[in-house]
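**Student:** I have a structure here, written as structure tokens, and I will follow up with some questions on it.
A short reminder: the numbers here are calculations on the coordinates, not readings from a lab. All of these numbers come straight from a predicted model, not from anything done at the bench. Every residue, glycine as well, gets a Cβ built from its backbone with ideal geometry; the counts of neighbours run over all protein chains shown.
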Amino acid sequence: MRIILWFCLSLVLFASCKVGPKYERNELANQKKKYAQGETNGDSLKLAQWFELYKDNGLQSLIKIALESNPDLRVAIARVEEARFNAAIVRANLFPTIGYQLGAGTSSAQPNAERAFVAQDRTFYNGALTLNWELDLFGRIRSGKSAAVNTYLQQEAIKRNVLVLLVAEIADNYFLLRDLDYRLEVSQRTVNSRKESLRINSERFEKGYSAEIDKLQADIQLATVEAAVPALQRQIVIIENLLNQLCGRTGGAIERGLMNKDQQLPPSIPAGLPSQLIERRPDIQSAEFALKAQYDRVGVAQANRFPVISLTGALGLASPQLGTLLTGNSPYASVSGGLLGPVFAFNQNKRRVDVERQRLQQLEASYDKVVLTSLLEVDNAIAGNFYLQSEFEARKRQVTSAEKALSLSRQRYNFGYTSYLEVLIQENYLFDAEIQESITLRQKHSAIVSLYKALGGGW
């Protein structure tokens, strides 16, 4: 009894001897950086639901289709399930393995073979329950289980990151599509206007009221805008195909909703964005789980340098005759233990630990890079939102002034106070101003999408 008690006590003591480094966050991950003075208002919505704030049925429809059919997202979901099942397999190694054994056999041997202990005449039947259990004295199995769990959590974070990137890419390309739609509308409207200008100038030239140069300049301006129309139509087809690809389909019409100028912008950016919001980023979480898993793999490699103790037991029936297998003289039981450990392997096990430690250093550097990148992306997105708003206001004033300038130039030309060149210049100013206004508005929407992505799915 004392021997058994000492043995159990030794197992308890050895079970606490888990080897390997422990994960601790570095200073970079723990830093608290404020982007502005004030308090955060917390999360408004999560991931895909966040864009419902735009109240755009076309955008919401595309996001819904993509979440159901996007191939990259389906792959990410399957990898999460794979990691989850693998974690369950590794976790089962902590517990004894119970099995069964059934056997029957016969052998015959001549006297000389029996005297040589090679074989003997016998027939046997047996059946037993078996138990195998490795005592995890140095934490090899526990470290392996922890690594598998962290790998599962890493894949879950990767899936969320794919979701965030997918929703952001859908939204960004949708706003680009509506920008191209509006630019095409402006170009077609300008084509009609310049066709009318060409008709008027042609009539004036035929009647001798103006020089041929005015007619030719009007034709040049018309051809310039006419060339822009098919170029925009080509870009629209490319973006529509890209959106269909993201939605996991080969083609089909892209449902349009609101124009960019009619979009209901989401709530204003919070006054303060502490680093806790950045920690919500799935790519940061994924990098951290990968780092934790590597710490565990170092522990596994270190534990492999120590001996492994295993217990084996069997409880069953055995008999030389099938008819007597179930009698009272047939039961048997056995218990055995074994110790297996390395003695000399030319430093292979030590080098395996060194390899895992070098991989750990790589993942630590990768984690630091992800954190630094996230901080810069948030800064860039906030700056983009701030400065693009001022730029857009200037673009709107530019369009208003260009419209008035063109109207005045046409009146001056009709009354003979200026040449047609002034009208052409003002037409170009207006066309460029309308195009730039549309581009800047799209960039403003894209900056909001970038901030959504930088913060891991909204704010």
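**Student:** If a/c stays under 1.5 just call it rounded; otherwise compare a/b with b/c (prolate if a/b is bigger, oblate if not). Do that for the range 326-455, with a ≥ b ≥ c from the square roots of the Cα gyration tensor eigenvalues.
**Tutor:** Verdict is prolate for the range 326-455.
**Student:** Which FRET efficiency, nearest 0.05, do Asp219 and Lys404 yield, Cβ-Cβ r, R0 30 Å?
**Tutor:** 0.70
**Student:** Contour minus end-to-end for Thr250 and Lys22, with contour as 0.36 nm per residue of separation and end-to-end as the Cα-Cα distance?
**Tutor:** Separation in residues times 0.36 nm, less the Cα-Cα distance, equals 77.2 nm.
**Student:** If packing is taken as the mean number of other Cβ atoms within 10 Å per residue, what is the order of 186-194, 200-208, highest first?
**Tutor:** Top to bottom by mean Cβ count within 10 Å: 186-194, 200-208.
**Student:** Express in nm, to one decimal, how much length is gained between Asn349 and Asp262 on full extension, taking 0.36 nm for each residue of separation and deducting their alpha carbon distance.
**Tutor:** Length gained, Asn349 through Asp262: 24.8 nm.
**Student:** Return the sequence-ordered ³J(HN,Hα) values of the range 368-383 in whole Hz as given by the Karplus equation 6.51 cos²θ - 1.76 cosθ + 1.60 applied to θ = phi - 60°, using x for Gly and Pro.
**Tutor:** 4, 5, 4, 5, 4, 4, 5, 4, 5, 5, 5, 4, 5, 5, 5, 5
**Student:** Still on this structure, please answer the following. Need one number: nm distance between label points at Ala109 and Lys64, each 7 Å from Cα along Cα→Cβ, rounded to one decimal.
**Tutor:** That separation, rounded to one decimal, is 7.8 nm.
**Student:** Also, I was wondering about something else. Normalising by the residue count of the chain, find the relative contact order in percent from Cα pairs under 8 Å and 6+ residues apart.
**Tutor:** It rounds to 26 percent for the chain.
**Student:** I would also like to ask the following. Calculate the spin-label point distance for Leu421 paired with Arg74, positioning each point 7 Å from the Cα along the beta-carbon direction, and give it in nanometres.
**Tutor:** Distance between the two pseudo-spin positions: 6.3 nm.
**Student:** Sort 88-95, 129-136, 169-176 for me by packing, meaning the mean count of neighbouring Cβ atoms within 10 Å per residue, highest on top.
**Tutor:** 169-176, 129-136, 88-95
**Student:** Also, I was wondering about something else. Between Lys207 and Thr312, what length in nm is gained on full extension when 0.36 nm per residue of separation is reduced by their alpha carbon distance?
**Tutor:** Extending this stretch completely gives an extra 26.6 nm.
**Student:** While we're looking at this one, here's another question. Rounded, prolate or oblate: pick one for the range 132-263, where a ≥ b ≥ c are the square roots of the eigenvalues of its C-alpha gyration tensor, a/c under 1.5 means rounded, and failing that, prolate if a/b is larger than b/c, else oblate.
**Tutor:** prolate
**Student:** Measure nothing but the geometry: give the 0 to 90° angle between the long axis through the Cα atoms of 2-15 and the longest principal axis through the Cα atoms of the chain, rounded to 10°.
**Tutor:** Relative to the chain, helix 2-15 is tipped by roughly 20 degrees.
**Student:** Using the count of nearby Cβ atoms within 10 Å as a rough guide to exposure, how do Asp56, Asp354 rank from fewest to most?
**Tutor:** Starting with the residue having the fewest Cβ neighbours, the order is Asp354, Asp56.
**Student:** List the equivalent ellipsoid semi-axes of the chain in whole Å, largest first, each obtained as the square root of 5λ for an eigenvalue λ of the Cα gyration tensor.
**Tutor:** Taking √(5λ) for each Cα gyration eigenvalue gives 78, 27, 18 Å.
**Student:** Below 8 Å between Cα atoms, with a sequence gap of 6+, how large is the relative contact order for the range 171-239 in percent?
**Tutor:** Here the relative contact order equals 48 percent.
**Student:** In terms of modelled amide H atoms, which long-range or inter-chain residues lie less than 5 Å from the amide H of Val308?
**Tutor:** The list, which skips near neighbours in sequence, is Leu340, Gly341.
**Student:** Only counting other Cβ atoms within 10 Å, I'd like Thr440, Thr327, Thr373 sorted with the fewest neighbours first.
**Tutor:** Ordered from fewest to most neighbouring Cβ atoms within 10 Å, Thr440, Thr327, Thr373 come out as Thr327, Thr373, Thr440.
**Student:** Which listed residue (Ala253, Thr400, Val378) has the Cα farthest towards the positive end of the charge dipole for the chain, taking +1 on Lys and Arg C-beta and -1 on Asp and Glu C-beta about the Cα centre?
**Tutor:** Val378
**Student:** A follow-up question, please. Counting other beta carbons within 10 Å of each residue's own, what order do Val378, Val75 fall into, fewest first?
**Tutor:** Val75, Val378
**Student:** Turning to a different aspect of this structure: Summing +1 for each Lys or Arg and -1 for each Asp or Glu, what net charge is found among the other residues whose Cβ lies under 14 Å from the Cβ of Ala433?
**Tutor:** -1
**Student:** Separate question: Roughly how tilted is helix 420-454, in degrees to the nearest 10 and between 0 and 90, from the longest Cα axis of the chain?
**Tutor:** The angle comes out at about 20 degrees.
**Student:** Follow-up. Return the distance in nm (one decimal) between the two label points of a simple spin-label model at Asn385 and Ala365, each offset 7 Å from Cα along Cα→Cβ.
**Tutor:** Placing both labels 7 Å beyond Cα along the Cβ direction yields 3.5 nm.
**Student:** Here's another thing I want to ask about it. Amide H to amide H, which residues 5 or more places from Tyr332 or on other chains are under 5 Å from it, using H placed in the peptide plane?
**Tutor:** Placed amide hydrogens put Gly316, Leu317, Ala318 under 5 Å from Tyr332.
**Student:** A further question follows. Between Leu53 and Leu242, what's the calculated FRET efficiency when r is the beta-carbon distance and R0 is 35 Å? Round to 0.05.
**Tutor:** The value I calculate is 0.90.
**Student:** Just to check I understand the Karplus step: with θ = phi - 60° and J = 6.51 cos²θ - 1.76 cosθ + 1.60, what whole-Hz values come out for the range 291-298, glycine and proline as x?
**Tutor:** Residue by residue, the range 291-298 yields 5, 4, 4, 5, 4, 5, 5, 4 Hz.
**Student:** Another question, if that's okay. What ranking do 140-151, 409-420 get when scored by the average of other Cβ atoms within 10 Å per residue, highest first?
**Tutor:** Going from most to least packed, we get 140-151, 409-420.
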